[in-house]
1. Would you mind stating whether B:Ala100 is surrounded by 19 or more Cβ atoms within 10 Å (Cβ to Cβ) and over 13 Å from the mean Cα position of the chain (by Cα)?
2. Only residues in the range B:75-94 that are more than 7 Å from every other protein chain (Cβ to nearest Cβ) count as the first member; pair them with residues that are of a type in the set (Ser, Thr, Tyr) and crowded, with 20+ Cβ neighbours inside 10 Å, Cβ under 7 angstrom, at least 6 apart or cross-chain, and list the lot.
3. Return the total of residues in the range A:109-131 being in contact with a helix residue (DSSP H, G or I) (Cβ under 6 Å, 6 or more places away or on another chain) and not charged (D, E, K, R).
4. Output the residues belonging to the range A:80-128 that are more than 11 Å from every other protein chain (Cβ to nearest Cβ) and buried (at least 18 other Cβ atoms within 10 Å of the Cβ).
5. In the range A:27-37, which residues are on the phi < 0 side of the Ramachandran plot and either open to solvent by 10 Å² or more (accessible area, probe 1.4 Å) or touching a Gly at 6+ places or on another chain (Cβ under 9 Å) (or both)?
6. Would you mention how many residues in the range B:107-131 are open to solvent by 20 Å² or more (accessible area, probe 1.4 Å) and in contact (Cβ under 8 Å) with a residue 40 or more places away in the chain?
7. Can you give me the number of residues within the range B:34-48 that are surrounded by 14 or more Cβ atoms within 10 Å (Cβ to Cβ) and in contact (Cβ under 8 Å) with a residue 12 or more places away in the chain?
8. Could you please give the count of residues in the range B:1-50 that are β-branched (Val, Ile, Thr) and within 14 Å of another protein chain (Cβ to nearest Cβ)?
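The values are calculated or read from the model by the stated rules, or taken from the named source; none is laboratory data. Worth saying up front: this structure is predicted, and the values here are computed from it rather than measured. Because the Cβ atoms are built from the backbone with ideal geometry, glycine has one as well, and the counts that use them run over all protein chains shown. When the accessible area is computed, the model is the full protein with side chains, heavy atoms only, and any ligands, DNA or RNA have been set aside. Shrake-Rupley method; radii C 1.70, N 1.55, O 1.52, S 1.80 Å.
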Amino acid sequence: MSEYALEVRALKKTFGSKVAVGGVSLTVEKGILFSLLGVNGAGKTTMIRMLNGLSKPTEGQAFVMGHSVAQELSQIKQLSNISPQETAVAPNLSVWENLEFMADIYGMNREKSRKRVQEVLDQFALHEVEQQRAGTLSGGWQRRLSIAMALITNPEILYLDEPTLGLDVLARKELWRTIEDLKGKITIVLTTHYMEEAERLSDQVAVMVAGEIKACGTVHELYTITGKKTLEDAFVAIAEGEVSI
Amino acid sequence: MRSIIFCKRTIKELLRDPLSYIFCLGFPIVMLIIMSVVNNSIPAEAHMDIFQIQNLAPGIAVFGLTFVMLFACLQVSKDRTTAFLTRLYASPMRPVDFIAGYTLPLLIIAVLQAVINFVTSFVIGLISGYTFQLFHVLLCLVALLPTALLFIAFGLFAGSLLNDKAAPGICSLLITAACILGGIWMDVDSIGGILKTVCQVLPFYHGVQAARMAMQGEYSQLGKPFFIILIYALVIYTFAVLAFQKKMRSDLK
(Lines give C-alpha, C1' and ligand atoms only; values in the text may rest on other atoms or scores of the structure.)
Protein backbone atom coordinates (compact mmCIF):
# COMPACT_ATOMS: atom_id res chain seq x y z
CA MET A 1 0.00 0.00 0.00
CA SER A 2 1.32 3.39 -0.97
CA GLU A 3 2.31 5.84 1.76
CA TYR A 4 0.88 8.64 -0.36
CA ALA A 5 -2.73 9.47 -1.11
CA LEU A 6 -1.64 10.85 -4.46
CA GLU A 7 1.41 10.30 -6.61
CA VAL A 8 1.51 12.21 -9.84
CA ARG A 9 4.33 11.73 -12.32
CA ALA A 10 4.78 14.08 -15.29
CA LEU A 11 1.02 14.31 -15.80
CA LYS A 12 0.14 16.23 -18.92
CA LYS A 13 -3.11 17.21 -20.59
CA THR A 14 -3.43 18.99 -23.87
CA PHE A 15 -6.51 20.08 -25.81
CA GLY A 16 -5.27 20.38 -29.37
CA SER A 17 -2.32 22.77 -29.20
CA LYS A 18 -3.38 24.19 -25.83
CA VAL A 19 -1.55 22.78 -22.82
CA ALA A 20 -3.95 22.67 -19.86
CA VAL A 21 -1.62 20.75 -17.53
CA GLY A 22 2.01 20.53 -18.49
CA GLY A 23 3.91 17.60 -17.00
CA VAL A 24 3.01 18.03 -13.33
CA SER A 25 4.67 15.85 -10.68
CA LEU A 26 3.72 15.90 -7.03
CA THR A 27 2.92 13.74 -4.03
CA VAL A 28 0.25 14.26 -1.39
CA GLU A 29 0.47 12.60 2.01
CA LYS A 30 -2.51 10.77 3.44
CA GLY A 31 -4.84 12.65 5.77
CA ILE A 32 -3.84 16.19 4.86
CA LEU A 33 -5.72 18.99 3.17
CA PHE A 34 -3.85 19.81 0.00
CA SER A 35 -4.78 22.96 -1.91
CA LEU A 36 -4.21 23.64 -5.57
CA LEU A 37 -4.07 27.41 -5.74
CA GLY A 38 -4.25 29.25 -9.02
CA VAL A 39 -6.08 31.81 -11.08
CA ASN A 40 -8.95 30.82 -13.40
CA GLY A 41 -7.65 28.66 -16.24
CA ALA A 42 -4.51 27.59 -14.38
CA GLY A 43 -5.35 23.91 -14.85
CA LYS A 44 -6.61 23.07 -11.36
CA THR A 45 -9.93 21.57 -12.43
CA THR A 46 -8.33 19.65 -15.32
CA MET A 47 -5.84 18.24 -12.82
CA ILE A 48 -8.47 16.85 -10.48
CA ARG A 49 -10.63 15.70 -13.40
CA MET A 50 -7.70 13.52 -14.50
CA LEU A 51 -7.29 12.13 -10.99
CA ASN A 52 -10.98 11.15 -10.98
CA GLY A 53 -11.02 9.54 -14.40
CA LEU A 54 -13.20 12.38 -15.73
CA SER A 55 -10.48 13.36 -18.16
CA LYS A 56 -7.85 11.15 -19.77
CA PRO A 57 -4.23 12.29 -19.33
CA THR A 58 -2.33 12.91 -22.55
CA GLU A 59 0.91 11.75 -20.92
CA GLY A 60 2.22 10.73 -17.53
CA GLN A 61 0.95 8.62 -14.67
CA ALA A 62 -1.14 9.16 -11.57
CA PHE A 63 -1.75 6.90 -8.60
CA VAL A 64 -4.58 7.39 -6.12
CA MET A 65 -4.11 5.46 -2.87
CA GLY A 66 -1.61 3.34 -4.77
CA HIS A 67 -4.00 2.53 -7.64
CA SER A 68 -3.17 3.54 -11.17
CA VAL A 69 -5.67 5.95 -12.72
CA ALA A 70 -5.01 4.41 -16.13
CA GLN A 71 -5.50 0.78 -15.08
CA GLU A 72 -7.46 0.63 -11.81
CA LEU A 73 -10.09 3.32 -12.20
CA SER A 74 -12.93 1.16 -10.86
CA GLN A 75 -11.07 0.68 -7.55
CA ILE A 76 -10.28 4.38 -7.41
CA LYS A 77 -13.95 5.27 -7.93
CA GLN A 78 -14.84 3.33 -4.79
CA LEU A 79 -12.13 5.11 -2.77
CA SER A 80 -12.63 8.69 -3.90
CA ASN A 81 -15.38 11.18 -4.54
CA ILE A 82 -15.72 14.67 -5.90
CA SER A 83 -17.79 17.75 -5.24
CA PRO A 84 -17.70 19.47 -8.64
CA GLN A 85 -17.22 23.19 -9.12
CA GLU A 86 -20.86 23.74 -10.01
CA THR A 87 -23.36 22.51 -7.47
CA ALA A 88 -24.25 18.97 -8.50
CA VAL A 89 -27.53 17.95 -6.92
CA ALA A 90 -30.77 16.45 -8.24
CA PRO A 91 -33.07 19.50 -7.90
CA ASN A 92 -36.42 17.70 -7.55
CA LEU A 93 -35.13 15.22 -4.96
CA SER A 94 -35.15 16.13 -1.28
CA VAL A 95 -31.91 16.51 0.64
CA TRP A 96 -32.48 13.08 2.19
CA GLU A 97 -33.17 11.50 -1.20
CA ASN A 98 -30.08 13.05 -2.78
CA LEU A 99 -27.90 11.61 -0.03
CA GLU A 100 -29.60 8.21 -0.14
CA PHE A 101 -29.26 8.14 -3.94
CA MET A 102 -25.50 8.63 -3.74
CA ALA A 103 -25.12 6.00 -1.00
CA ASP A 104 -27.14 3.52 -3.08
CA ILE A 105 -25.16 4.22 -6.26
CA TYR A 106 -21.98 3.31 -4.39
CA GLY A 107 -23.50 -0.04 -3.41
CA MET A 108 -24.56 0.44 0.22
CA ASN A 109 -27.44 -1.76 1.36
CA ARG A 110 -30.66 -0.15 2.59
CA GLU A 111 -29.82 -0.34 6.30
CA LYS A 112 -26.28 0.97 5.89
CA SER A 113 -27.43 3.64 3.49
CA ARG A 114 -30.04 5.01 5.93
CA LYS A 115 -27.57 4.96 8.81
CA ARG A 116 -25.01 6.80 6.74
CA VAL A 117 -27.58 9.41 5.63
CA GLN A 118 -28.36 10.14 9.28
CA GLU A 119 -24.66 10.47 10.10
CA VAL A 120 -24.05 12.88 7.23
CA LEU A 121 -27.17 14.91 8.05
CA ASP A 122 -25.76 15.29 11.59
CA GLN A 123 -22.24 16.04 10.36
CA PHE A 124 -23.37 18.78 7.96
CA ALA A 125 -26.24 20.07 10.12
CA LEU A 126 -28.69 19.39 7.31
CA HIS A 127 -31.57 18.09 9.45
CA GLU A 128 -33.61 21.28 9.23
CA VAL A 129 -33.76 20.99 5.42
CA GLU A 130 -33.71 17.20 5.05
CA GLN A 131 -37.20 17.01 3.51
CA GLN A 132 -36.75 20.12 1.37
CA ARG A 133 -36.16 19.73 -2.37
CA ALA A 134 -32.55 20.46 -3.23
CA GLY A 135 -33.50 22.89 -6.00
CA THR A 136 -35.25 25.17 -3.50
CA LEU A 137 -32.22 25.50 -1.19
CA SER A 138 -30.01 28.61 -1.11
CA GLY A 139 -26.60 28.47 -2.80
CA GLY A 140 -24.82 27.87 0.51
CA TRP A 141 -27.08 24.98 1.50
CA GLN A 142 -26.83 23.45 -1.98
CA ARG A 143 -23.04 23.56 -1.82
CA ARG A 144 -23.08 22.00 1.62
CA LEU A 145 -25.37 19.25 0.31
CA SER A 146 -23.11 18.78 -2.70
CA ILE A 147 -20.12 18.16 -0.42
CA ALA A 148 -22.21 15.91 1.84
CA MET A 149 -23.15 13.85 -1.23
CA ALA A 150 -19.47 13.36 -1.97
CA LEU A 151 -18.69 12.41 1.61
CA ILE A 152 -21.56 9.97 2.18
CA THR A 153 -19.68 7.24 0.32
CA ASN A 154 -16.92 7.29 2.95
CA PRO A 155 -14.18 8.25 0.49
CA GLU A 156 -10.56 7.99 1.52
CA ILE A 157 -9.82 10.96 -0.70
CA LEU A 158 -12.21 13.83 -1.38
CA TYR A 159 -11.83 16.41 -4.15
CA LEU A 160 -13.44 19.78 -3.57
CA ASP A 161 -13.36 21.84 -6.74
CA GLU A 162 -13.76 25.54 -5.86
CA PRO A 163 -16.18 24.67 -3.03
CA THR A 164 -16.96 28.25 -2.01
CA LEU A 165 -17.12 29.81 -5.48
CA GLY A 166 -20.04 32.24 -5.70
CA LEU A 167 -21.03 31.96 -2.05
CA ASP A 168 -21.59 34.98 0.19
CA VAL A 169 -19.18 35.62 3.03
CA LEU A 170 -21.32 33.98 5.72
CA ALA A 171 -21.99 30.84 3.67
CA ARG A 172 -18.28 30.66 2.82
CA LYS A 173 -17.20 30.86 6.47
CA GLU A 174 -19.80 28.25 7.42
CA LEU A 175 -18.47 25.93 4.72
CA TRP A 176 -14.90 26.48 5.89
CA ARG A 177 -15.92 25.31 9.36
CA THR A 178 -17.44 22.18 7.79
CA ILE A 179 -14.26 21.50 5.82
CA GLU A 180 -12.10 22.11 8.92
CA ASP A 181 -14.12 19.45 10.74
CA LEU A 182 -13.15 16.94 8.03
CA LYS A 183 -9.44 17.65 8.30
CA GLY A 184 -7.35 14.80 9.57
CA LYS A 185 -10.08 12.23 8.93
CA ILE A 186 -9.59 11.87 5.18
CA THR A 187 -7.32 13.28 2.50
CA ILE A 188 -8.81 16.38 0.92
CA VAL A 189 -7.68 17.95 -2.34
CA LEU A 190 -9.13 21.41 -2.70
CA THR A 191 -8.88 23.77 -5.63
CA THR A 192 -9.38 27.45 -5.01
CA HIS A 193 -8.38 30.88 -6.14
CA TYR A 194 -9.27 32.44 -2.79
CA MET A 195 -6.02 33.10 -0.91
CA GLU A 196 -7.76 33.42 2.45
CA GLU A 197 -9.37 30.03 1.93
CA ALA A 198 -6.09 28.31 1.09
CA GLU A 199 -4.33 30.07 3.99
CA ARG A 200 -6.93 29.06 6.54
CA LEU A 201 -7.59 25.49 5.49
CA SER A 202 -4.47 24.03 3.89
CA ASP A 203 -1.79 21.79 5.33
CA GLN A 204 0.03 22.08 2.04
CA VAL A 205 -0.39 24.40 -0.94
CA ALA A 206 0.70 24.01 -4.56
CA VAL A 207 0.70 27.16 -6.65
CA MET A 208 -0.40 26.36 -10.17
CA VAL A 209 0.29 28.78 -13.00
CA ALA A 210 -0.47 28.10 -16.68
CA GLY A 211 -0.69 24.36 -16.14
CA GLU A 212 2.48 24.02 -14.08
CA ILE A 213 3.20 23.73 -10.37
CA LYS A 214 5.41 26.71 -9.60
CA ALA A 215 5.78 26.13 -5.87
CA CYS A 216 4.65 23.58 -3.30
CA GLY A 217 4.85 23.57 0.48
CA THR A 218 3.16 24.73 3.63
CA VAL A 219 1.88 28.28 3.72
CA HIS A 220 4.81 29.28 5.96
CA GLU A 221 7.29 27.66 3.59
CA LEU A 222 5.84 29.77 0.77
CA TYR A 223 6.30 32.89 2.93
CA THR A 224 9.92 31.92 3.55
CA ILE A 225 10.61 31.14 -0.11
CA THR A 226 9.16 34.43 -1.34
CA GLY A 227 10.01 36.64 1.62
CA LYS A 228 6.40 37.82 1.76
CA LYS A 229 4.07 38.07 4.73
CA THR A 230 0.75 37.13 3.18
CA LEU A 231 -0.24 34.29 0.89
CA GLU A 232 -1.63 36.76 -1.61
CA ASP A 233 1.73 38.53 -1.90
CA ALA A 234 3.55 35.20 -2.01
CA PHE A 235 1.19 33.94 -4.73
CA VAL A 236 1.64 37.08 -6.83
CA ALA A 237 5.43 36.85 -6.46
CA ILE A 238 5.39 33.21 -7.60
CA ALA A 239 2.81 33.70 -10.37
CA GLU A 240 4.57 36.72 -11.82
CA GLY A 241 7.98 35.12 -11.58
CA GLU A 242 9.37 37.67 -9.12
CA VAL A 243 11.06 34.80 -7.31
CA SER A 244 12.65 31.87 -9.08
CA ILE A 245 11.94 28.54 -7.45
CA MET B 1 -28.94 -2.57 -9.66
CA ARG B 2 -27.51 0.90 -10.30
CA SER B 3 -29.86 1.16 -13.29
CA ILE B 4 -32.83 0.66 -10.97
CA ILE B 5 -31.51 3.26 -8.51
CA PHE B 6 -31.05 5.74 -11.36
CA CYS B 7 -34.54 4.83 -12.70
CA LYS B 8 -36.11 5.70 -9.35
CA ARG B 9 -34.36 9.02 -9.33
CA THR B 10 -35.45 9.84 -12.91
CA ILE B 11 -39.07 8.91 -12.15
CA LYS B 12 -39.06 11.17 -9.08
CA GLU B 13 -37.53 14.03 -11.07
CA LEU B 14 -40.16 13.68 -13.79
CA LEU B 15 -43.19 13.18 -11.55
CA ARG B 16 -42.27 16.16 -9.38
CA ASP B 17 -42.09 18.52 -12.32
CA PRO B 18 -45.54 20.20 -12.69
CA LEU B 19 -44.88 20.65 -16.42
CA SER B 20 -44.97 16.84 -16.78
CA TYR B 21 -48.62 16.84 -15.74
CA ILE B 22 -49.52 19.82 -17.89
CA PHE B 23 -47.92 18.55 -21.08
CA CYS B 24 -47.91 14.77 -20.66
CA LEU B 25 -51.43 14.47 -19.24
CA GLY B 26 -53.37 17.71 -19.27
CA PHE B 27 -52.72 18.83 -22.84
CA PRO B 28 -53.53 15.49 -24.57
CA ILE B 29 -56.71 15.08 -22.51
CA VAL B 30 -57.83 18.64 -23.29
CA MET B 31 -57.20 17.95 -26.99
CA LEU B 32 -59.16 14.70 -26.72
CA ILE B 33 -62.15 16.55 -25.28
CA ILE B 34 -61.92 19.46 -27.77
CA MET B 35 -61.65 17.16 -30.77
CA SER B 36 -64.57 15.07 -29.53
CA VAL B 37 -66.66 18.25 -29.38
CA VAL B 38 -65.42 19.16 -32.89
CA ASN B 39 -66.41 15.67 -34.08
CA ASN B 40 -69.97 16.22 -32.84
CA SER B 41 -70.18 19.31 -35.06
CA ILE B 42 -69.10 17.47 -38.20
CA PRO B 43 -72.09 16.28 -40.24
CA ALA B 44 -72.24 12.57 -41.10
CA GLU B 45 -72.36 13.46 -44.82
CA ALA B 46 -68.78 14.71 -44.57
CA HIS B 47 -67.64 11.06 -44.04
CA MET B 48 -64.86 12.32 -41.81
CA ASP B 49 -64.15 9.63 -39.26
CA ILE B 50 -60.68 10.74 -38.09
CA PHE B 51 -62.09 12.52 -35.03
CA GLN B 52 -64.43 9.69 -34.05
CA ILE B 53 -63.39 8.46 -30.63
CA GLN B 54 -62.14 5.04 -31.84
CA ASN B 55 -59.69 6.85 -34.19
CA LEU B 56 -59.09 9.87 -32.02
CA ALA B 57 -58.04 7.90 -28.91
CA PRO B 58 -55.05 6.15 -30.55
CA GLY B 59 -54.10 9.36 -32.38
CA ILE B 60 -54.09 11.36 -29.16
CA ALA B 61 -52.11 8.55 -27.49
CA VAL B 62 -49.36 9.07 -30.10
CA PHE B 63 -49.69 12.86 -29.68
CA GLY B 64 -49.12 12.41 -25.93
CA LEU B 65 -45.98 10.36 -26.59
CA THR B 66 -44.43 13.31 -28.42
CA PHE B 67 -44.36 15.12 -25.07
CA VAL B 68 -42.58 12.15 -23.48
CA MET B 69 -39.88 12.89 -26.08
CA LEU B 70 -39.76 16.49 -24.86
CA PHE B 71 -39.28 15.37 -21.28
CA ALA B 72 -36.66 12.78 -22.20
CA CYS B 73 -34.74 15.47 -23.99
CA LEU B 74 -35.10 18.04 -21.19
CA GLN B 75 -34.08 15.55 -18.49
CA VAL B 76 -30.90 14.45 -20.26
CA SER B 77 -29.88 17.95 -21.36
CA LYS B 78 -30.53 19.40 -17.89
CA ASP B 79 -28.47 16.66 -16.24
CA ARG B 80 -25.68 17.32 -18.73
CA THR B 81 -25.82 21.09 -18.35
CA THR B 82 -25.60 20.94 -14.55
CA ALA B 83 -22.67 19.16 -12.94
CA PHE B 84 -24.93 16.31 -11.81
CA LEU B 85 -23.77 13.95 -14.56
CA THR B 86 -20.13 14.90 -13.86
CA ARG B 87 -20.62 13.64 -10.32
CA LEU B 88 -22.15 10.43 -11.62
CA TYR B 89 -19.44 9.94 -14.26
CA ALA B 90 -16.98 9.87 -11.34
CA SER B 91 -19.07 7.18 -9.63
CA PRO B 92 -19.06 3.44 -10.43
CA MET B 93 -22.04 3.90 -12.83
CA ARG B 94 -21.58 2.45 -16.33
CA PRO B 95 -23.03 3.83 -19.60
CA VAL B 96 -25.69 1.08 -19.64
CA ASP B 97 -26.90 2.24 -16.20
CA PHE B 98 -27.48 5.75 -17.55
CA ILE B 99 -29.27 4.55 -20.70
CA ALA B 100 -31.57 2.17 -18.81
CA GLY B 101 -32.05 4.75 -16.06
CA TYR B 102 -33.44 7.23 -18.53
CA THR B 103 -35.37 4.83 -20.79
CA LEU B 104 -37.33 2.67 -18.34
CA PRO B 105 -38.97 5.52 -16.35
CA LEU B 106 -39.99 7.23 -19.58
CA LEU B 107 -41.50 4.00 -20.90
CA ILE B 108 -43.46 3.61 -17.67
CA ILE B 109 -44.69 7.22 -17.93
CA ALA B 110 -45.62 6.64 -21.59
CA VAL B 111 -47.74 3.59 -20.68
CA LEU B 112 -49.41 5.41 -17.75
CA GLN B 113 -50.16 8.33 -20.02
CA ALA B 114 -51.73 6.06 -22.64
CA VAL B 115 -53.82 4.27 -19.98
CA ILE B 116 -55.17 7.59 -18.64
CA ASN B 117 -55.88 8.68 -22.21
CA PHE B 118 -57.85 5.48 -22.87
CA VAL B 119 -59.79 5.75 -19.62
CA THR B 120 -60.82 9.29 -20.63
CA SER B 121 -61.65 8.03 -24.13
CA PHE B 122 -63.77 5.26 -22.60
CA VAL B 123 -65.84 7.86 -20.74
CA ILE B 124 -66.20 10.00 -23.89
CA GLY B 125 -67.10 6.82 -25.81
CA LEU B 126 -69.88 6.04 -23.30
CA ILE B 127 -71.29 9.54 -23.76
CA SER B 128 -71.10 9.36 -27.56
CA GLY B 129 -72.39 5.80 -27.76
CA TYR B 130 -69.19 3.91 -28.60
CA THR B 131 -67.91 1.04 -26.47
CA PHE B 132 -64.22 0.17 -26.52
CA GLN B 133 -63.26 -3.49 -26.37
CA LEU B 134 -60.77 -4.19 -23.60
CA PHE B 135 -58.71 -6.57 -25.71
CA HIS B 136 -58.36 -3.97 -28.46
CA VAL B 137 -57.32 -1.33 -25.93
CA LEU B 138 -54.66 -3.68 -24.51
CA LEU B 139 -53.49 -4.52 -28.03
CA CYS B 140 -53.27 -0.81 -28.78
CA LEU B 141 -51.11 -0.31 -25.67
CA VAL B 142 -48.71 -2.95 -27.01
CA ALA B 143 -48.80 -1.39 -30.48
CA LEU B 144 -47.86 1.97 -28.93
CA LEU B 145 -44.70 0.64 -27.27
CA PRO B 146 -42.43 0.94 -30.38
CA THR B 147 -43.73 4.50 -30.93
CA ALA B 148 -43.00 5.31 -27.28
CA LEU B 149 -39.47 3.91 -27.69
CA LEU B 150 -39.06 5.94 -30.90
CA PHE B 151 -39.97 9.22 -29.21
CA ILE B 152 -37.83 8.42 -26.14
CA ALA B 153 -34.96 7.72 -28.55
CA PHE B 154 -35.48 11.09 -30.28
CA GLY B 155 -35.50 12.72 -26.83
CA LEU B 156 -32.30 10.96 -25.72
CA PHE B 157 -30.68 11.82 -29.03
CA ALA B 158 -31.52 15.54 -28.83
CA GLY B 159 -30.76 15.69 -25.09
CA SER B 160 -27.35 14.10 -25.63
CA LEU B 161 -26.29 16.44 -28.41
CA LEU B 162 -27.96 19.74 -27.49
CA ASN B 163 -28.08 21.90 -24.39
CA ASP B 164 -31.25 22.51 -22.38
CA LYS B 165 -32.00 25.72 -24.31
CA ALA B 166 -31.67 24.34 -27.85
CA ALA B 167 -33.12 20.89 -27.22
CA PRO B 168 -36.78 21.93 -26.58
CA GLY B 169 -36.81 23.88 -29.86
CA ILE B 170 -35.78 20.83 -31.86
CA CYS B 171 -38.35 18.72 -30.01
CA SER B 172 -41.09 21.25 -30.84
CA LEU B 173 -40.24 20.82 -34.51
CA LEU B 174 -40.48 17.05 -34.16
CA ILE B 175 -43.79 17.32 -32.30
CA THR B 176 -45.23 19.43 -35.12
CA ALA B 177 -43.85 17.06 -37.76
CA ALA B 178 -45.22 14.02 -35.95
CA CYS B 179 -48.69 15.57 -35.65
CA ILE B 180 -48.93 16.70 -39.26
CA LEU B 181 -47.06 13.90 -41.02
CA GLY B 182 -48.32 11.20 -38.68
CA GLY B 183 -51.91 11.84 -39.62
CA ILE B 184 -53.06 12.59 -36.09
CA TRP B 185 -55.03 15.70 -37.08
CA MET B 186 -55.71 14.95 -40.74
CA ASP B 187 -56.56 11.99 -42.92
CA VAL B 188 -53.35 11.41 -44.82
CA ASP B 189 -54.83 8.51 -46.83
CA SER B 190 -57.60 10.66 -48.30
CA ILE B 191 -55.12 13.42 -49.22
CA GLY B 192 -52.71 11.09 -50.99
CA GLY B 193 -50.09 12.40 -53.43
CA ILE B 194 -46.62 13.50 -52.42
CA LEU B 195 -47.75 14.27 -48.87
CA LYS B 196 -48.76 10.66 -48.36
CA THR B 197 -45.43 9.48 -49.79
CA VAL B 198 -43.54 11.74 -47.39
CA CYS B 199 -45.68 10.49 -44.51
CA GLN B 200 -44.99 6.87 -45.45
CA VAL B 201 -41.25 7.45 -45.58
CA LEU B 202 -41.24 8.88 -42.04
CA PRO B 203 -42.02 6.73 -38.98
CA PHE B 204 -44.83 8.77 -37.39
CA TYR B 205 -47.59 7.72 -39.82
CA HIS B 206 -46.84 4.05 -39.19
CA GLY B 207 -46.98 4.59 -35.42
CA VAL B 208 -50.41 6.19 -35.68
CA GLN B 209 -51.61 3.52 -38.13
CA ALA B 210 -50.44 0.67 -35.89
CA ALA B 211 -52.28 2.18 -32.89
CA ARG B 212 -55.48 2.74 -34.91
CA MET B 213 -55.45 -0.75 -36.46
CA ALA B 214 -54.95 -2.31 -33.02
CA MET B 215 -57.77 -0.26 -31.51
CA GLN B 216 -60.14 -1.30 -34.31
CA GLY B 217 -59.05 -4.95 -34.13
CA GLU B 218 -57.85 -4.92 -37.73
CA TYR B 219 -55.37 -7.74 -37.14
CA SER B 220 -54.65 -8.35 -40.80
CA GLN B 221 -53.56 -4.72 -41.32
CA LEU B 222 -51.75 -4.27 -38.00
CA GLY B 223 -48.57 -6.22 -38.78
CA LYS B 224 -47.07 -3.99 -41.46
CA PRO B 225 -47.19 -0.60 -39.67
CA PHE B 226 -46.26 -2.29 -36.38
CA PHE B 227 -43.07 -3.83 -37.77
CA ILE B 228 -42.14 -0.68 -39.69
CA ILE B 229 -42.42 1.46 -36.54
CA LEU B 230 -40.62 -1.22 -34.52
CA ILE B 231 -37.66 -1.20 -36.92
CA TYR B 232 -37.59 2.61 -36.93
CA ALA B 233 -37.69 2.63 -33.12
CA LEU B 234 -34.85 0.12 -32.76
CA VAL B 235 -32.66 1.92 -35.31
CA ILE B 236 -33.24 5.42 -33.85
CA TYR B 237 -32.80 4.07 -30.30
CA THR B 238 -29.49 2.49 -31.30
CA PHE B 239 -28.38 5.87 -32.71
CA ALA B 240 -29.52 7.59 -29.51
CA VAL B 241 -27.51 5.17 -27.34
CA LEU B 242 -24.45 5.68 -29.54
CA ALA B 243 -24.91 9.48 -29.37
CA PHE B 244 -25.17 9.36 -25.56
CA GLN B 245 -22.08 7.16 -25.27
CA LYS B 246 -20.14 9.34 -27.71
CA LYS B 247 -21.08 12.46 -25.78
CA MET B 248 -20.13 10.76 -22.52
CA ARG B 249 -16.76 9.78 -23.95
CA SER B 250 -16.15 13.28 -25.28
CA ASP B 251 -17.11 14.74 -21.88
CA LEU B 252 -14.51 12.42 -20.34
CA LYS B 253 -11.70 13.41 -22.72
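1. Details: surrounded by 19 or more Cβ atoms within 10 Å (Cβ to Cβ): no; over 13 Å from the mean Cα position of the chain (by Cα): yes.
Against the criterion (surrounded by 19 or more Cβ atoms within 10 Å (Cβ to Cβ) and over 13 Å from the mean Cα position of the chain (by Cα)), B:Ala100 does not qualify.
2. B:Gln75/B:Thr10; B:Gln75/B:Tyr102; B:Val76/B:Tyr102; B:Val76/B:Ser160
3. Matching residues across the range A:109-131 total 8.
4. A:Val95, A:Trp96, A:Leu99, A:Arg116, A:Val117, A:Val120, A:Leu121, A:Phe124, A:Leu126
5. Within the range A:27-37, A:Thr27, A:Glu29, A:Lys30, A:Ile32, A:Leu33, A:Leu36 qualify.
6. So in the range B:107-131, the residues open to solvent by 20 Å² or more (accessible area, probe 1.4 Å) come out as B:107-109, B:111-112, B:115-116, B:119-120, B:122-124, B:126-131.
Now restrict to residues that are in contact (Cβ under 8 Å) with a residue 40 or more places away in the chain: B:107-109, B:116, B:120, B:124, B:128, B:130.
Number satisfying all stated conditions: 8.
7. If we filter the range B:34-48 for residues that are surrounded by 14 or more Cβ atoms within 10 Å (Cβ to Cβ), which is where we start, we get B:35-36, B:39, B:42, B:48.
Filter once more, so that each one left must be in contact (Cβ under 8 Å) with a residue 12 or more places away in the chain: B:35-36, B:39, B:48.
The qualifying residues number 4.
8. So the answer is 4.
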